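The values are calculated or read from the model by the stated rules, or taken from the named source; none is laboratory data. What you are looking at is a predicted structure, and each value in this text was computed from that prediction instead of being measured. Don't worry about glycine lacking a Cβ; one is built from the backbone with ideal geometry, like all the others, and counts go over all protein chains shown. Surface accessibility is based on the protein's heavy atoms, side chains included, excluding ligands, DNA and RNA. Shrake-Rupley method; radii C 1.70, N 1.55, O 1.52, S 1.80 Å.
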Amino acid sequence: MSRSRVVGILVVAAVALATGFLVAGQVKAQLLTPSNQVARYQALVRSVKDLETTNESARARIAALRGEIDALEGTAAQRSATTQALKTEVADLRSHAGLTAVHGPGVEVDLGNGAPAPDQGGKTGYLINFQDVQDVVNLLFASGAEGVSVSGRRMTPLSAFSGSAGQVLIDQGPPLAAPIKVLAIGDRNRMFAALEDPSSLPDLRGRQVRFQIALTVIGSPDVKLPAYDSSLQIPHVSTP
């Protein structure tokens, strides 16, 4: 066999081998491409499922948080209503205890000394005393008064009256003397009717006839009462 023929055979063999490698590479590429597409598709499916699971968990958490928020808002609203009710109750208690200044329709009662009768000697029945003032205040409260003051001094449920002839002592305040002005707010018509009732305040009315003690009652559309300005401690009572 000649040398040129051998070279030709080798060249043909090399070309065939190269062609075989190329064909094999193309076949392999064609065989791998579908496999890669399947893998990518499966990965995408898994990602979608993971996202759906995450979203479902997030939706459940959001729903739970909304429920907690609704519960907290309900509790807050209830507490707010309770707090407001307590504030209103405290304000009412402070008002009835005389701890806040108040005003409203009411009545004005003026008490003044009379003149001694010729046969009375040194007796002081013609003078306004603490019992007279106490009787008027008690009648007013019994007739629906929401607040009472005596000569500018606010009364409270603990107010105590004392005194001697012609002097009126209320709590720890300074002594008062006639003329004395009693103011009250509340049901004006009811208080006015009680004060004008001939059967009320019998002792004071009897002395009014006998000694001309002054007892006048007028209604007012707007009576102003100051706040209580002293201690709420009961006199002569100490705590251990």
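Brief remarks on what is shown
- Projected area averaged over orientations for the range 120-230, convex hull of C-alpha atoms, nm²: 6.9 nm²
- Amide H contacts under 5 Å for A101, placed H, 5+ residues apart: A227
- Local net charge near S151, Cβ-Cβ under 11 Å (Lys/Arg +1, Asp/Glu -1): +2
- Rolled with a 1.4 Å probe across the full set of protein chains, the surface gives L72 an accessible area near 120 Å².
- Sequence of R154, R46 when ordered by accessible area, the most exposed leading, probe 1.4 angstrom: R46, R154
- Taking 0.36 nm per residue of separation and subtracting the Cα-Cα distance, full extension of the segment from D119 to N138 would add 3.7 nm.
- Highest average first, the peptides 220-228, 60-68 ordered by how many other beta carbon atoms sit within 10 Å of their residues are 220-228, 60-68.
- Once the Cβ-Cβ distance of A81 and Q167 is raised to the sixth power relative to R0 = 41 Å, the FRET efficiency obtained is 0.25.
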